[in-house]
Structures are given as C-alpha cells and as structure tokens.
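The values are calculated or read from the model by the stated rules, or taken from the named source; none is laboratory data. Everything numeric in this text was worked out from a predicted model, so none of it was measured. Every residue, glycine among them, receives a Cβ derived from its backbone with ideal geometry; neighbour counts consider all protein chains shown.
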C-alpha cells in the first residue's frame, strides 16, 4: 500500500515537472518566473545599459516578475509596461524572426523606435543589427503564431 502511494506521488511529481517544461509562456522567464535574468528593463532606456534589478523592487506583468534597480524604475514600468517591457516577451528578437524562442543575454540589447529588443548573444546581435527593420517586420509577423506555444513546441519544428 505504501509503495503504491509512493508511486502515485512520484508519478504526480513527474507529471508536474513535465508540464512545467512544456508550459507555453509568452514571456521568457527563468528561475522563479523572473524575466530578463533579473535585469531592470527601465534602465535600458534611462541609463542606456543593462543594470541588475533587486528582489526589493519588483512588478508582475504578463505572468512574469520584473526586477528593478529602484522604486522609481519600478513605478515607471508599472505606469507604462508597453513602453518598457521587452519585445517578443523578452525572447531573442532574432530568434523570433527565425521562428524560434531563444533565451537572451541581457548585455545583447538594442533599442529601436523606443522599443527594447534582446538577443541570444553578441554574435546574434551583430547579425540582428545588419537589418533591424527587416528583422522586426519578420518577427512581428511570426510572433503571433508562436507567442502562445511552449519553447519545446516552437524549437522542435525544424
């Protein structure tokens, strides 16, 4: 009887782990649902560089927790999330243009038309910068089709 109960608990735990791996998320989050690896999205605009946020200053948007370096930045974000939240849910903008959901390096960022775009790394960003407008148009078109799919579903479509 104890073995059967343990097996049920193990099965439920495995199902929970599996479901969390395939859960569709429109926002790129890491550990504890934190977006942009804990970096402050407002600082990209106000300081023109990535700044680590603090667990002391947070706001939730689209199911993700954003961290900020100050209460002022948190309040700016809350007042205008559309302005400060990264495009494509914080997934790599170039990846989205290529029909993928890829993680990002917070140091690989670019602001265009007052919108924050993040990339997988500096090498991908270099390619992104060769045709930002063209890649944005492609990514905008593709995002609607992959936004609500899990990373596993999107990236398995090769």
Review point. Restricting the search to region 42-71, which residues are in contact (Cβ under 8 Å) with a residue 60 or more places away in the chain and in contact with a strand residue (DSSP E or B) (Cβ under 6 Å, 6 or more places away or on another chain)?
Key: 44
**Study point:** Selection count where residues are exposed (fewer than 14 other Cβ atoms within 10 Å of the Cβ) and not in a helix (DSSP H, G or I), scope region 55-96
**Key:** 5
**Study point:** Which listed residue, of 4, 12, 26, is at pLDDT below 95 and in a loop (DSSP other than H, G, I, E, B)
**Key:** 26
Review point. For the subset of region 113-158 comprising residues that are assigned to a helix (DSSP H, G or I) and under 14 Å from the mean Cα position of the chain (by Cα), which member is surrounded by the most Cβ atoms within 10 Å (Cβ to Cβ)?
Key: 146
